[in-house]
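Engineer: Structure incoming, see below.
Taken together, the values in this text are just the output of simple stated rules run on the coordinates, not laboratory data. Given the structure is predicted, the values throughout are model-derived calculations rather than measurements. Here Cβ is always computed from backbone atoms with ideal geometry, including for glycine, and neighbour counts include all displayed protein chains.
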Amino acid sequence: MTRTGCCGWAESQPKYFQDFKVLEIQDTFYQPGRIKKYEKWRARAPYGFDFLVKAWQLITHEPRSPTYRRLTVSIPEEKKKCYGSFRPTEEVFGAWDATVQIATALRARTILFQSPASFLPNDENRKSLRAFFSGIDRSSFILAWEPRGGWEEEDIQAVCKDFDLVHCVDPLKARPLAGQIRYFRLHGLPGYDLKYKYSDEDLCKLSALSGGATAYVLFNNVWMLEDAKRFLQFVGE
């Protein structure tokens, strides 16, 4: 089963519910809203619609990240070392609890952790990953990890195996290495060119790579609405 959608509301909510069966929520990464908002989204969604939750950036990104500009809470200078990079701190575990509350309200099954390119495969970060994933109550959630920053295949496979993670990847750039499902995020080619518009050849290849397992295919480029709708024609969703 392939489910296609966008990273964020690419059109009005009622229209999106008509066109797609899955959405990756973005505001949970930047600044989570009130639980009631997500409860309303769940109530409006049709039966069988899947919400995917992107974990709060306080878990994955350090305060020097430009993404923190969209954070509405102020972090004291002396506390900045307590955030990001999966550090096993009270602050990071608190951000996980907030993410779980939203995922529960949405009845979401899958939570995505997106690492920045600055999160390198060094001993300190491996230790933090182990402490974080060993220290959380993951309940029945499927956890996906999108690594950046030069992680080699063997490193990714080891982390995913140790903590039962789905390797989130753009399959047009690299192959998926682990997980009970496939979680594909499309950011443009060849690198992260968000203005890139996928060709029919790209979408045909993507369709072939998505077959054979449950797969979420999420477009995250400027043309994501049009590309996602075109891709539906290739997979016959």
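Engineer: Taking only the C-alpha atoms, wrap a convex hull around the chain and report its volume per residue in Å³ as a whole number. Provide the component values of the computation, followed by the final result.
Structural biologist: On the way: hull volume 29.1 nm³, N = 237.
Taking only Cα atoms, the chain has a hull volume of 123 Å³ per residue.
Engineer: Further question: Please list the radius of gyration and Dmax for the range 1-118, considering alpha-carbon atoms only, with Å as the unit.
Structural biologist: Calculated on Cα positions, Rg and Dmax stand at 15.0, 47 Å.
Engineer: Please work out the FRET efficiency for the pair K79 and E154, using the Cβ-Cβ distance as r and a Förster radius of 30 Å; give the result to the nearest 0.05. Walk me through the intermediate numbers first.
Structural biologist: Numbers: r = 35 Å, r/R0 = 1.17.
Step by step, r from the Cβ atoms, then E = 0.30.
Engineer: Subtract the Cα-Cα distance of Q180 and T67 from 0.36 nm times their separation in residues, and report this length gain in nm to one decimal. Numbers along the way, then the final one.
Structural biologist: Working: separation 113, 0.36 × 113 = 40.68 nm, distance 2.98 nm.
The span from Q180 to T67 would gain 37.7 nm if fully extended.
Engineer: Moving to a separate point now. Determine the calculated [θ] at 222 nm for the chain from helices alone, applying -39500 (n - 2.57) to every DSSP H run no shorter than 4 residues and normalising by the residue count; nearest 500 deg cm²/dmol. Mind showing how you got there, number by number?
Structural biologist: Values: 9 runs with 89 residues, N = 237.
Rounded to the nearest 500, it is -11000 deg cm²/dmol.
Engineer: Taking 7 Å along the Cα-to-C-beta vector as the label spot, tell me the Q233-Y30 distance in nanometres, rounded to one decimal.
Structural biologist: Distance between label points: 3.1 nm.
Engineer: Report D for the range 69-127 in µm² per second (integer): Stokes-Einstein, Kirkwood Rh on Cα pairs, 10 °C, 1.306 mPa s. Present the calculation step by step, with values, prior to reporting the outcome.
Structural biologist: Working: Rh = 13.4 Å.
The calculation lands on 118 µm²/s.
Engineer: Which parts of the range 144-167 would a label at R130 reach, counting a residue when its backbone N lies under 16 Å from a point 7 Å out along Cα-to-Cβ?
Structural biologist: 155-164
Engineer: Given points 7 Å out from each Cα along the Cα-Cβ axis, report the T104 to S199 separation in nanometres with one decimal.
Structural biologist: 4.9 nm
Engineer: Around A215, which amide H atoms from residues at least 5 apart in sequence, or from another chain, sit under 5 Å from its own amide H, with H modelled in the peptide plane?
Structural biologist: For A215, whose amide H was placed from the backbone, the distant partners under 5 Å are T2, R3, R182.
Engineer: Here's a follow-up. Of the peptides 38-48, 72-82, how do they stack up when ordered by the mean number of other Cβ atoms within 10 Å, highest first?
Structural biologist: Details: 38-48: 12.9, 72-82: 10.1.
Packing order, densest peptide first, comes out as 38-48, 72-82.
Engineer: Calculate I(q)/I(0) for the range 155-237 by the Debye formula, one identical point scatterer on each C-alpha and no solvent, and give its log10 at q = 0.10, 0.11, 0.27 Å⁻¹ to two decimals.
Structural biologist: At q = 0.10, 0.11, 0.27 Å⁻¹ the computed log10 ratios are -0.24, -0.29, -1.35.
Engineer: What is the Cα centroid distance between the range 99-113 and the range 23-83, reported in whole angstrom?
Structural biologist: 11 Å
Engineer: Counting only residues 5 or more places away or on other chains, whose amide H sits under 5 Å from the amide H of L112 once H atoms are built in the peptide plane?
Structural biologist: It is V53, K54, A55, A144, by chain and number.
Engineer: What is the angle, in °, between the Cα long axis of helix 35-44 and the longest principal axis of the Cα atoms in the chain? Nearest 10 is fine, range 0 to 90.
Structural biologist: The angle comes out near 20 degrees.
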